[in-house]
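This report refers to the structure that appears directly beneath it.
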Amino acid sequence: MISRLYIDEKVKDEPAALTIQERLHTIPATVVTDASRVHEALADSTDPVAQGKRVLFLTRNRGPFLRKCPGTRSYICCGYHILNIGTYCTMDCTYCILQAYFHPPVLQYFVNQEQLYNELDHLFSLKKPPFYRVGTGEFTDSLIWEPWTELSKTLIPYFASQDRIVLELKTKTSAVGNLKCITHNKKTIVAWSLNPPSIIRSEEHGTASLKARLAAAAQCEAWGYPLAFHFDPLIIYKDWENDYRQLVRELFATVSSKNIVWISLGSFRFMPSLKQIIRKRFPKSKIIYGEFIPGLDNKMRYFKPLRIEIYKKMVAWIKELAPDVVVYFCMEDEEVWKETMGFVPKDRGGLPKMLDDSAARFR
Amino acid sequence: MKYDDKLVPILEIDTEDNMFRLSLEPDPNSLIAAIQSVGLINPPVLRQKEDLRYRIVCGFRRISACRHLGWHEIDVRLVVGDVSELDLFELAILDNRSHRAISVVEQARGIQKLEPYIPSENRLETLASLLGFPVNKKVFQKIRALGRLPEPVLAEVLNNTLSFEAAVHLCPFSPKEALCFLDLFKGLKLSQNKQIEIITLVQEIAMREDLWIKKVLQSSDIKSVLERPDLNRNEKGSLLRAYLKRRRFPALAKTQERIVKALKALRLNEHVHIIPPPYFEGGPYTLRMTFKNQDDFSKRLKTLDAIAKNPDLKKVLEPY
Ligand code: SF4
């Protein structure tokens, strides 16, 4: 939980900053003239990565809110766009890339939201490209901010007002209360990252249980939202076959495949610098001791035949219960696609098109 | 600081009290002959304790040598008056540094002993200037970590059996585990990077297979490598590393073995080489061909043509 609030002097009077301060009025707050004050406060901590999860810094986004997901040329990218509402996360997954991505990692929420909505207006007004997928869950979890910001209450209707762009809210929480009774026009996809309960227990600290995530998904389905699921990161361990198979069964026993826009599969991969962080912060975790090799993007990945094996099985289990659902890989190459799916995305117009088409079906 | 020069019975010196000792167990041998021939020129510095025995501040080796020579009494300089422990530590360190550079092991032990006395705000700078290491947080942390290692391991750092960086890698292990690694390294001749590689591989194998470090290090496969009389220490090191890599990365190792076999079946010669992409992750294969003249060039093309028709080429290009 948040134990300290810092507010960037330049944004202290922004409406979003005032609302959050009011909601967090019991927490000590300090107005700072620049971010280095916040960083200094974290640097003294014995575990700045953990401390950064308890310190909330309200500031402005100096860059654009909307940007293209960087992807890499070596693997097939889905052509996603990131809506950068804030950074970092209050939960604490062993494998979270954000631990190594920000220096130092700190919860930042961007309150200069006029700019955010201006950028959205501009995007909505464009005629090209015909479709667009935007997500808030790349540098943070999409729904952790809800208790203090209620962002979804504004963002979802905003996207509902147009027909060309979908918003994906990706989460490991069950914080969907604010999504009730909101006009969404099926332009918001609510998505969960899933892993078997044993992995959630050992590696996804502070996240909602599988049961709670699936119950939240069923709730959103009942409210008419399209859903998506991300089996990412897939982790290879002793009982992975049984556990993932059971997970797929539970998913389709809870929600209807008809309401699933897409399912992604991504095996655990990490920047080399994350290994030391995991070793230090989670000494009991074994996930970094798989057969990892340096990938073409310099991230560590499971040796390819191992990836292909887990993907093949996952695809088969999913297709057995949901033959029509769109399954795709996050950052894999043509060989993996061909071996596991029997086709490569470019045969079907490319991965971005496959996903755009799937999202466009939900009207 | 005030001193009393005094003759003190050796038995009244508490030689078990290591409070101000930075070096490992003192080896008096090098001093015995010198003291025997010219006497004790530079008297040790002592401080009287509450139990009235004497604590050594400087001169552990000198006192040890005198004991070996059977002396009963010894000239000392006794620190008197109100002097803090930190001042005495500084004296001990400066005495050491006055006649030689202090070792990294002594720096580690110095950090361990002095840290509690020095406020955290300027700890790094103060310790660095006292103990003679660079003012660098990373260096400081590494040297400090060494202080946790058992003495036999530290002794081998000084003997160069174990590199400084490898010793730092041993710091997270229990003393018993560190000693197991030490036993292994004593029987091998390895560069710093290879020592670190072995430590990492063993630790990761232990994690993967849910085994104690000791169990991995004492596995029969490792023993059989170490006990081979036909290999020198270098060869044993190479064989051990290869074994550990195979155990740590079994699927990759199997693929590599298959590829080696398939490449052999292609009957390449020393002029034509096929190099698979790193880790078979994707990316191009490399063909390397050498030739001296046009005739050579034509011969190589024939070899390439034969390779292209060889069904084993598929096994190389589709490794899994
Ligand atoms: S939920 Fe996502 S963002 Fe949060 S810690 Fe886990 S991986 Fe990181």
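The values are calculated or read from the model by the stated rules, or taken from the named source; none is laboratory data. No experiment lies behind these values; they were computed from the predicted model shown. A quick note on method: Cβ atoms are made from the backbone with ideal geometry, for glycine too, and the neighbour counts reach across all protein chains shown.
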Among residues belonging to region A:187-205 that are under 14 Å from A:F268 (Cα atoms) and within 10 Å of the ligand (Cβ to nearest atom), point out the one that is farthest from the chain's Cα centre (by Cα).
A:E203
When residues of region A:188-197 are limited to those that are touching a helix residue (DSSP H, G or I) at 6+ places or on another chain (Cβ under 6 Å) and not in a loop (DSSP other than H, G, I, E, B), the one surrounded by the fewest Cβ atoms within 10 Å (Cβ to Cβ)
A:P197
Give B:L184, B:L154, B:L127, B:L179 a once-over and let me know the one that is in contact (Cβ under 8 Å) with a residue 60 or more places away in the chain and in a helix (DSSP H, G or I).
B:L154
Could you please find all residues in region A:71-97 being in a strand (DSSP E or B), away from the ligand (no atom under 11 Å from the Cβ) and farther than 16 Å from A:L169 by Cα?
A:I76
All conditions in (1) modelled with pLDDT of 95 or more; (2) within 23 Å of the chain's Cα centre (by Cα); (3) under 23 Å from A:I97 (Cβ atoms) are true of A:V325 except (3)
How about region B:266-305: which of its residues are more than 14 Å from chain A (Cβ to nearest Cβ), in contact with a Leu (Cβ under 9 Å, 6 or more places away or on another chain) and in contact (Cβ under 8 Å) with a residue 24 or more places away in the chain?
B:L266, B:V272, B:I274, B:T303, B:L304
Please enumerate the residues belonging to region A:268-302 that are facing chain B (nearest Cβ under 9 Å), of a type in the set (A, V, I, L, M) and touching a residue at least 24 places away in the same chain (Cβ under 8 Å).
A:L296
Scan region B:285-310 residue by residue and report those that are touching a strand residue (DSSP E or B) at 6+ places or on another chain (Cβ under 7 Å), among the polar types (S, T, N, Q) and surrounded by 11 or more Cβ atoms within 10 Å (Cβ to Cβ).
B:T303
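Any idea which of A:F343, A:F362 is away from chain B (no Cβ under 13 Å) and without any contact (Cβ under 8 Å) to a residue 40 or more places away in the chain?
A:F343
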With (1) in contact (Cβ under 8 Å) with a residue 12 or more places away in the chain; (2) farther than 30 Å from B:S163 by Cβ as the list, and B:A92 as the residue in question, which single condition is left unmet?
(2)
In region B:105-140, what count of residues is obtained for those that are more than 20 Å from B:A167 (Cα to Cα) and touching an Asp or Glu at 6+ places or on another chain (Cβ under 9 Å)?
6
Being surrounded by 18 or more Cβ atoms within 10 Å (Cβ to Cβ) and either within 14 Å of another protein chain (Cβ to nearest Cβ) or near the ligand (Cβ under 10 Å from one of its atoms) (or both) is the filter here; which residues of region A:98-138 pass it?
A:L98, A:Q99, A:P105, A:G137, A:E138
Find the residue count for region B:214-237, including only residues that are away from chain A (no Cβ under 14 Å) and in a helix (DSSP H, G or I).
15
Within region A:303-327, work out how many residues are away from every other protein chain (no Cβ under 13 Å) and touching a residue at least 40 places away in the same chain (Cβ under 8 Å).
12
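So is B:H72 closer than 30 Å to B:V153 by Cβ and either modelled with pLDDT under 95 or not basic (K, R) (or both) or not?
So B:H72 fails the test.
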Residue within region B:305-314 that is part of a loop (DSSP other than H, G, I, E, B), of a type in the set (K, R) and over 30 Å from A:Y75 (Cα atoms) present:
no
Given the criterion more than 29 Å from B:I205 (Cβ to Cβ) and among the small types (G, A, S), identify the matching residue among B:A306, B:A262, B:A253.
B:A306
Determine whether B:A33 is of a type in the set (G, A, S) and surrounded by fewer than 14 Cβ atoms within 10 Å (Cβ to Cβ).
yes
